[in-house]
Amino acid sequence: MNKNIAQIAIIKPLHNLFDYEIPIENCHLKPGSRVRVEFGKKILIGFVIKITKQSGYSNYKLKKIIEVIDEVPLIDKETLDLFIWISNYYHAPLGQIIGIGTPALLRQGKNLARNKIDKFEIKTNNQSEELTLSKEQNNAINIIKKSLNTYKCFLLDGITGSGKTEVYKNIQNFVHEMGLQTLIIVPEKNLIPELLDYFDFKNLRVLEYHSSLTPKKKFINWSLIQNCEVDIIIGTRSSVFLKIPKLGLIIADEEHDQSYKNNSEAKYNARDIAIYRAKNKNIPIILGSATPSSESILNISKKKYIHIKMRSRINNRSLPDLKVVNMSTKKNTILSEEVISSINKRIINKEQTLIYLNRRGYSPVITCNDCSWVPKCEECNLNMTFHKNKKILICHHCGRMKKFYDKCFACNSSDISYIGEGTEKIEEVVKNEFSKSNIIRIDSDSTRKKGQAEKIFDDIKDNKYDILIGTQMLSKGHNFPNITLVVVMNIDQSLFSPRLKAIEQLAQQLVQVSGRSGRGLKKGEVILQTSFPENEDLKCLIEQGYEKWVKNLLSLRSNLGLPPHRNWGVIQAKARKYIDAENFLDNIKKIIQKNNEIEIFGPMPSSMQKKANLFNLNLIIQAKSKAKLNYAIKDCIPSIKDIPYSNKIKWTIDIDPIDYD
């Protein structure tokens, strides 16, 4: 008698599925159900992927499933197929993908009683403010609404303040009238509260989904979404995995943002999954940005996306004026005279200033003037950043911390120099210069508590602060009408970074943060402090704009044979010993080299050679087509377990890498 066998994914970083015998009393078990199984010496929760009659482990006696948790599959076929596609495309363990895509309570084998979920009420609001649309907004809406019943990928390329969100709102309204749901994905959870308020009208049932929700709240929201009790879901990248039965529209706001890429565990890109999902579901997707990614601009040239441009701010408001201050002639100066004068004008006029610096802490480097000691992280061999407020040194790469009381660890001298500026030092300088003003620093250090960022953003809109000092948290998505001056500081390091996406991300950040200025009735100004005003990238961006600059970037990358014109996969190896990681990647290289349709570079150290006491090396695999790249990588994975000492290596695969530190 043939036995029924379940192929099960375990929520661990394991590429294999595991065969278990299905007990006779559970013969109706279906894919997508949760089961309890013995795995090694532990009892774990697994997800059934496939039912079969034959096992790949014919020489072994299979263990039986201990318990079937779900009589009806928890994961439907469409969602399970999505998980499998993501696993195959990104070469990530299927169990790991399911783990990312489901709430923690479900992975623990728990259920929440339906009557408890029913008690949760979604706040509704009948208020709806009718806005007069611009010509460009109407044009965008008319183009998109013609394709609500089919797949089309629209790149809504609108400058900051052009009213892209109102376009989203109008298109969502058409979708809602069709009885369908909308998924809006944003790169960071700090952008969600403003959108929740914006879409809270006409009794729409609007719900958030992101990692900061409590496990119970996340499960409740997950259940409401699955049961079609929600009209609009606004979430971060993990929301792309949600089962949304009546999904009719996907919007990926700030589509260029690197935060859409998951750089821990499975290295997936939520924007790209959203595009696949829309195509598979035959529904439209809108990618919105003031600074579209180079990949999206290339897809426009290949006619894969429909390009909709919005080049005017709503109500014909003008773009801010830009002034470049050459800091190479102003040694040991943090705030130039031009900046101080401009801030004073804003204070007199009761307007707000945003000072942008994408570096946390007080000083990125400190040194002893007596013995030249510099504190380095023992795990990463990189400089530790001094955080003055908490009197600690922090490695911003692995998180290691040390208390520091202004004395050298080597010779006990108090003669310490603090080199470079972080947001804490800028805050100190600004408070000394503008002592009577209300000043707030906004970075991940100052907004760790739940609800803290939302309160600060509300206070900014209520004009409780004159000067804001912030990192990239403030550079995108937010609308603060009274900010009329943006000061951009310390960008020079990114101008010369070896990282693949560094210059593109810098250009996007500059345009995005500049767009925070002059969004209200008063004209805005941007002051850029740099020691390299003649830099070619900077001059092109300032004089010719982002659209021309990104086309030049694509031309350069085409000539050099770099992404997005070539397809990259990176196999990353981490080990206690450098030689172990290098030998591991050399063995993989020998396996892959049998395929003559790809190019291989490395093994080579990553730009961060050591992190958390592990050496990091990369093997870059390049192909002209995505299919050839994926075949080459897929074929080598089964052989990796046979590489000597592979159990000493932590390895991951990164398809379409944004970075490879």
* Asked: Given 0.36 nm per residue, what is the gain on full extension from Phe496 to Ser639 after removing their alpha carbon distance, in nm?
  -> 47.6 nm
* Post the alpha-carbon centroid distance, region 589-632 to region 451-476, in whole angstrom. => 42 Å
* Asked: Spin-label point model (7 Å from Cα, Cβ direction): what's the Val429 to Lys216 distance in nm?
  -> 4.8 nm
* Once amide H atoms are built 1.01 Å from N in the peptide plane, which residues 5 or more positions from Leu133, or in another chain, come under 5 Å H to H? -> none
* To do: Please label the shape of region 568-661 as rounded, prolate or oblate, based on the square roots a ≥ b ≥ c of the eigenvalues of the alpha-carbon gyration tensor (a/c under 1.5 means rounded; beyond that, a/b larger than b/c means prolate, else oblate).
  => oblate
* Asked: PRE reach from Lys246 (point 7 Å along Cα→Cβ): which of region 180-194 fall under 14 Å by backbone N?
  -> 180-183
* Classify region 510-577 as rounded, prolate or oblate, taking a ≥ b ≥ c as the square roots of the eigenvalues of its Cα gyration tensor: rounded when a/c is under 1.5, otherwise prolate if a/b is larger than b/c and oblate if not. => prolate
* Asked: FRET efficiency for Arg576 and Ser318, Cβ-Cβ distance as r, R0 = 51 Å, nearest 0.05?
  -> 0.35
* Asked: To the nearest 10 degrees, how steep is helix 502-514 against the longest Cα principal axis of the chain, on a 0 to 90 scale?
  -> 60 degrees
* Asked: In square nanometres, what is one fourth of the surface area of the convex hull spanned by the alpha carbons of region 485-525?
  -> 2.8 nm²
* **Listed residues Trp85, Trp549 arranged by accessible area, highest first, probe 1.4 Å** => Trp85, Trp549
* What is the extension gain from Asn369 to Ile43, computed as 0.36 nm multiplied by their sequence separation minus the C-alpha to C-alpha distance, in nm to one decimal? -> 111.6 nm
* Asked: Which FRET efficiency, nearest 0.05, do Phe174 and Lys539 yield, Cβ-Cβ r, R0 51 Å?
  -> 0.75
* Asked: Within the chain, what percent of beta bridges assigned by DSSP are antiparallel, to the nearest 5?
  -> 50 percent
* Structure fact -> Relative contact order of region 462-599 (C-alpha contacts under 8 Å, at least 6 apart) in percent is 21 percent
* Asked: What does the accessible area of Tyr578 come to, in Å² to the nearest 10, when a probe of 1.4 Å is used?
  -> 70 Å²
* Structure fact -> With -39,500 (n - 2.57) per DSSP H segment of 4 or more residues and division by the full residue count of the chain, the 222 nm estimate, nearest 500 deg cm²/dmol, is -9000 deg cm²/dmol
* Multiply the residue gap between Lys303 and His565 by 0.36 nm, knock off their C-alpha separation, and tell me the result in nm, one decimal place. => 92.8 nm
* Under the definition of Cα pairs under 8 Å and six or more residues apart, what whole-number percent is the relative contact order of the chain? -> 11 percent
* Asked: Which ³J(HN,Hα) values, rounded to whole Hz and listed in residue order, are derived for region 238-252 from phi using the Karplus coefficients 6.51, -1.76 and 1.60 in 6.51 cos²θ - 1.76 cosθ + 1.60 with θ = phi - 60°, glycine and proline given as x?
  -> 5, 5, 5, 8, 5, 6, 10, x, 10, 5, x, 7, 10, 10, 10
* Spin-label model distance (nm) - Ile51 vs Ile419, 7 Å beyond Cα toward Cβ -> 6.7 nm
* Using the Cα atoms of the chain to build a convex hull, what is its mean projected area in square nanometres? -> 32.8 nm²
* Asked: Per residue, what volume in Å³ does the convex hull of the Cα atoms of region 424-576 enclose?
  -> 185 Å³
* With the dipole of the chain worked out from charges on the C-beta (+1 for Lys and Arg, -1 for Asp and Glu) around the Cα centre, which of His307, Pro31, Leu528 lies farthest toward the positive end? -> Pro31
* Structure shown: which of Lys169/Lys450; Lys390/Lys650; Lys302/Lys522; Lys135/Lys522; Lys304/Lys522 lie over 30 Å apart, alpha-carbon to alpha-carbon? -> Lys390/Lys650; Lys302/Lys522; Lys304/Lys522
* All lysines inside 17 Å of Lys436 as judged from Cα atoms, apart from same-chain residues fewer than 8 positions distant -> Lys345, Lys350, Lys464
* To do: Find the relative contact order for region 296-377 and round it to a whole percent, using C-alpha pairs within less than 8 Å whose residues are 6+ positions apart.
  => 9 percent
* Asked: Where does each of 255-267, 153-165 land if you order them by average Cβ count within 10 Å, highest first?
  -> 153-165, 255-267
* To do: Please work out the C-alpha center-to-center distance from region 368-440 to region 495-519 and express it in whole Å.
  => 26 Å
* **Rg to Rh, two decimals, where region 262-301 supplies the alpha carbon set and Rh follows Kirkwood** => 1.01
* Quick one: accessible surface of Lys539, probe radius 1.4 Å, all protein chains present, in square angstrom to the nearest 10. => 70 Å²
* Name the residues of region 586-614 whose amide N is less than 16 Å from a point 7 angstrom out from the Cα of Asn381 along the C-beta direction? -> 604-614
* Structure fact -> So, with points 7 Å from each Cα along the Cβ direction, the Ser531-Ile348 label distance in nm works out to 3.3 nm
* **Cα centroid separation - region 185-213 against region 526-548, whole Å** => 35 Å
* Structure fact -> Taking Cα atoms, the helix 270-281 axis meets the longest principal axis of the chain at an angle in degrees (rounded to 10) of 50 degrees
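The values are calculated or read from the model by the stated rules, or taken from the named source; none is laboratory data. Remember, it's a predicted structure, so these values are computed and weren't measured experimentally. Positions of Cβ are generated from backbone atoms using ideal geometry, with glycine treated the same way; all protein chains shown enter the neighbour counts. Just the protein is used for accessible areas: all its heavy atoms, side chains included, with ligands, DNA and RNA removed. Shrake-Rupley method; radii C 1.70, N 1.55, O 1.52, S 1.80 Å.
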